[in-house]
Structures are given as C-alpha cells and as structure tokens.
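*Asks:* Shown below is the structure under consideration.
We did not get these values from a lab; they are worked out from the coordinates using the rules stated. The structure displayed is predicted, hence computed values, not measured ones. Neighbour counts run over all protein chains shown; Cβ positions are idealised from the backbone, glycine included.
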Amino acid sequence: MSEGEGGRPHGGYRVYWVVWFWLLVITVLELGVVLVHVPRALLAIMLVVLALMKAWLIIAYFMHLKYERLSFIYAVIAPLFLGVILFFALVPDALDGLRLR
Amino acid sequence: MTSAEATQEQGLRSEWGGGQSPFAVGWPKLMMWLFLVQDTLTFAGLLTAYGFVRIAAGRWPVQEEIFNLYLVGFMSFVLICSSATMAVAVAASRVGDRPRALRYILYTVLGGLVFLGCQVYEWSHFIHEGARLFSNPWGVPLFSATFFIITGFHGAHVTAGVIYLLVTAVRHQRREIQPESVEIAGLYWHFVDLVWVFIFVLLYLL
C-alpha cells in the first residue's frame with residue numbers, strides 16, 4: 001500500500017472495505033467455533049485470539065494507529081496491560097470463592 | 001560515549017525537551033486517545049468483575065439457550081458496518097469531500113440507531129422473561145446483573161456516540177470544524193465497536 005501525506009494510507013477507501021470484509025469473516029468464524037462445540041478451554045483460547053485479531057484490525061486501520069509514531073503507539077498500548085494484570089490478579093480470589101462454596 | 005549514542009541522545013533531548021510535539025498528533029486527538037485509554041480500563045474493570053463473578057459462581061446459565069445468537073450476530077454485523085462507514089467518512093472529510101463525508105456519517109448514525117433498536121428489543125424481551133437486575137429465572141442472580149450493567153454501559157456509549165456524530169455532521173457541514181474533529185469523532189465510534197468485539201465474545205459466546 002502506498003503511503004500518502006503524514007504516513008497516512010493513500011489511494012481511496014479500498015483499505016477500509018478490505019478491513020470490513022475481514023472483520024466479518026472473523027465474526028462468522030467466532031460464531032462457527034461456538035456452534036461446532038469444541039472443548040471449553042480450546043473454545044476460550046480461540047475466541048480470545050479471534051477477538052484480539054479483530055481489535056487489532058480496528059485499532060490499526062480504522063483508528064489509524066498503525067500510521068502514528070511509535071512513541072504514541074507505546075503510550076496508548078502500554079496502559080492496557082493494567083487491564084490484563086487486573087484480570088490475572090483477581091482470578092485466584094475467584095477460585096478461592098468457588099472453593100469456599 | 002560513541003558518536004552514534006551521542007547523536008541518539010541529542011535526538012531524544014530535542015524531541016522530549018519541550019517546545020515540541022513528541023507524539024506528532026494534535027492535542028485534541030491526544031486527549032481523545034487518553035480518554036479512550038481510560039474508558040478501556042473502565043470496561044476492563046467491568047469485564048473482569050464479570051469474569052470474577054462467573055468463575056466464583058461455579059455454574060452459569062447456558063447463554064445459547066437464553067440469548068438469540070442470530071440477533072447478537074446481526075448486532076455485531078451492524079456495528080462493524082457502521083465502523084467501516086465511519087472510516088470512509090473520516091477519509092472523505094480529510095480529502096475535502098464534504099458531501100460524501102456527510103453521507104457516510106449519516107450511514108454510521110443509522111447503524112448506531114439500528115444497533116440500539118436491537119438492544120431495546122433484546123432488553124425488553126429479557127425483562128419480559130423475568131430478568132431483573134438482581135434476580136432472574138435461570139438460577140444465578142448475578143447473571144442478569146452482569147448482562148444489564150455491561151450491555152447498559154455499552155449502550156450508553158452508543159447513544160452518546162450517535163448524538164456526538166449528529167453534532168459532528170451538522171458542524172462539519174456548516175464548516176465550523178476541521179477534518180481533524182471528524183477523525184476524533186471517528187476514534188470514539190471505533191472504540192464503541194472495539195468494546196463490542198469483547199462483549200460479544202465474553203458475554204454471549206464464551
């Protein structure tokens with residue numbers, strides 16, 4: 001893809017419809033893996049990976065983050081690990097709660 | 001210190017030493033990104049609480065029997081389409097194609113309204129079946145609490161986005177705002193789509 005002014009994609013709107021197409025393909029895949037009944041743990045991993053792929057497509061192309069400076073990309077992506085840390089910090093307590101039942 | 005290191009340090013100092021824009025984005029856009037980062041953490045908190053409740057509950061209703069996955073799939077489809085039309089509107093506004101920008105913002109608004117309509121239907125159906133904030137017929141009281149709070153928060157974001165986009169469309173048409181403002185409105189709208197990606201997977205499918 002050619003890059004225009006300010007590192008932005010140049011050459012019309014085609015890239016957005018390509019991303020749109022792949023987002024729909026991934027959504028259909030998500031519904032597909034639910035309907036074929038794979039083991040629970042595998043299902044969880046597949047769904048999270050597919051969701052992260054969709055998230056990356058939206059952030060990189062629709063929100064143009066791919067075309068921003070690297071320092072800016074780090075600045076907005078780094079805080080998101082707090083969310084991941086929060087989840088893994090609380091899971092042990094949730095399992096304790098389950099055991100106390 | 002080698003000369004390469006010295007050059008690099010000098011480069012960093014001149015970039016971060018003040019009087020520059022090290023991120024190379026305007027401040028309105030930077031502020032919107034910062035807002036979206038903190039809003040992401042709000043939803044991360046909600047979804048983590050949902051995960052906690054669900055793991056600690058030990059059992060959970062089978063979502064496929066309660067939710068209409070075709071309706072939810074359609075809602076995802078609508079939101080993805082509206083995100084794509086918004087991306088086109090932003091690009092059109094950047095090259096100065098105002099009529100196209102207006103048309104595509106309005107398509108986006110239409111998508112948002114269809115999504116909200118589906119959500120109203122889903123909620124009223126759910127309530128009609130006996131679901132309340134802290135009680136429901138499916139055995140796990142917090143099941144409906146997580147559903148109403150998380151989809152409610154998201155729906156409120158969609159509603160705010162629809163209003164935001166309408167204001168943006170009018171002001172852009174009157175030439176009161178620059179293309180950058182359309183892009184910022186677009187960032188917000190894509191974020192709403194982004195959150196739905198995770199709600200769709202974690203609340204409905206998993």
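*Asks:* 222 nm [θ] for chain A, helices only, -39500 (n - 2.57) per DSSP H run of 4+, per residue, to 500?
*Replies:* Mean residue ellipticity at 222 nm (helix-derived): -23000 deg cm²/dmol.
*Asks:* Name the residue farthest towards the positive end of the dipole of the protein assembly as shown from the options B:156, A:50, A:72, assuming +1 on Cβ of Lys and Arg, -1 on Cβ of Asp and Glu, about the Cα centre.
*Replies:* Among B:156, A:50, A:72, the one farthest towards the positive end of the dipole of the protein assembly as shown is B:156.
*Asks:* Treating the angle as unsigned and between 0 and 90°, give the value, to the nearest 10°, between the Cα long axis of helix A:14-35 and the longest Cα principal axis of chain A.
*Replies:* Value to nearest ten degrees: 20.
*Asks:* Can you tell me which of B:189, B:138, B:27 moves the most in a GNM of chain B? Springs connect C-alpha atoms under 10 Å apart.
*Replies:* Among B:189, B:138, B:27, the largest GNM mean-square fluctuation belongs to B:27.
*Asks:* Give me the dipole magnitude in Debye, nearest 20, for the protein assembly as shown about the Cα centre, with unit charges on the beta carbon: positive for Lys and Arg, negative for Asp and Glu.
*Replies:* 380
*Asks:* Still on this structure: Pick out, from B:17, B:62, B:4, the residue whose Cα sits farthest towards the positive end of the charge dipole of the range B:1-100, with +1 on the Cβ of Lys and Arg and -1 on the Cβ of Asp and Glu.
*Replies:* Checked the options; the winner is B:62.
*Asks:* Report the gain in length on full extension from residue B:171 to residue B:110: 0.36 nm times residue separation, minus Cα-Cα distance, nm rounded to one decimal.
*Replies:* 20.2 nm
*Asks:* Which residue fluctuates the most in chain A, going by a Gaussian network model with Cα springs under 10 Å, if the choices are A:32, A:12, A:83?
*Replies:* Its mean-square fluctuation being the largest, the pick is A:83.
*Asks:* How far, in nm, would the chain grow between residue B:41 and residue B:134 when pulled straight, counting 0.36 nm per residue and subtracting the alpha carbon separation?
*Replies:* 31.0 nm
*Asks:* Dipole size in debye (nearest 20) for chain A around its Cα centre, Lys and Arg Cβ +1, Asp and Glu Cβ -1?
*Replies:* Approximately 140 debye in magnitude.
*Asks:* Sticking with this one: Have a look at B:76, B:93, B:21 and tell me which one the Gaussian network model of chain B (Cα, springs below 10 Å) gives the largest fluctuation.
*Replies:* B:21
*Asks:* Compute the relative contact order of chain A as a whole-number percentage, counting only Cα pairs closer than 8 Å that sit 6 or more residues apart in sequence.
*Replies:* Once normalised by length, the contact order is 24 percent.
*Asks:* Follow-up question, since we're still on this one. Between the helical axis of B:3-16 and the dominant principal axis of chain B, each derived from Cα atoms, what acute angle in degrees is found, rounded to the nearest 10?
*Replies:* 70
*Asks:* Still on this structure, please answer the following. Set the Förster distance to 35 Å, then compute FRET efficiency between residue A:82 and residue A:29 from the Cβ-Cβ distance, nearest 0.05.
*Replies:* 0.75
*Asks:* I need the phi-derived Karplus couplings for the range B:159-175: 6.51 cos²θ - 1.76 cosθ + 1.60, θ = phi - 60°, integer Hz, Gly and Pro marked x.
*Replies:* Listing the rounded values in order: 4, 4, x, 4, 5, 4, 5, 4, 4, 4, 4, 4, 5, 5, 5, 7, 6 Hz.
*Asks:* Per residue of the range A:80-96, what does 6.51 cos²θ - 1.76 cosθ + 1.60 with θ = phi - 60° give for ³J(HN,Hα)? Whole Hz please, x for Gly and Pro, Karplus curve as stated.
*Replies:* 5, 5, 4, x, 5, 4, 3, 4, 6, 6, 8, 4, x, 5, 5, 5, 4
*Asks:* Between residue A:96 and residue A:52, what FRET efficiency comes out of the Förster formula 1/(1 + (r/R0)^6) with R0 = 22 Å and r the beta carbon distance, rounded to 0.05?
*Replies:* 0.20
*Asks:* Here's something else I'd like to know. Please give the charge dipole size of chain B, origin at the Cα centre, charges +1 on K and R Cβ atoms and -1 on D and E Cβ atoms. Round to the nearest 20 debye.
*Replies:* 480
*Asks:* If contacts are Cα pairs under 8 angstrom and at least 6 residues apart, what is the relative contact order of chain B in percent?
*Replies:* Relative contact order comes out at 27 percent.
*Asks:* So what's the angle, to the nearest 10 degrees on a 0 to 90 scale, between helix B:179-199 and the longest Cα principal axis of chain B?
*Replies:* The helix B:179-199 is inclined about 30 degrees to chain B.
*Asks:* Could you run the Karplus curve 6.51 cos²θ - 1.76 cosθ + 1.60 with θ = phi - 60° over the range B:47-60 and give me ³J(HN,Hα) per residue in whole Hz, x for Gly and Pro?
*Replies:* 5, 5, 4, 4, x, 4, 4, 5, 5, 5, 5, x, 10, 8
*Asks:* Here is a further query. Among B:138, B:196, B:123, which residue has its Cα positioned farthest towards the positive end of the charge dipole of the range B:51-206, with +1 placed on the Cβ of Lys and Arg, -1 on the Cβ of Asp and Glu, and the dipole taken about the Cα centre?
*Replies:* B:196
*Asks:* Determine the calculated [θ] at 222 nm for chain B from helices alone, applying -39500 (n - 2.57) to every DSSP H run no shorter than 4 residues and normalising by the residue count; nearest 500 deg cm²/dmol.
*Replies:* -27000 deg cm²/dmol
*Asks:* Using only the alpha carbon atoms of the protein assembly as shown, find the Kirkwood hydrodynamic radius as the inverse mean reciprocal pair distance, in angstroms to one decimal.
*Replies:* 21.1
*Asks:* Using a 10 Å cut-off around each Cβ, can you sort A:74, A:67 from fewest to most neighbouring Cβ atoms?
*Replies:* Lowest to highest Cβ neighbour count: A:74, A:67.
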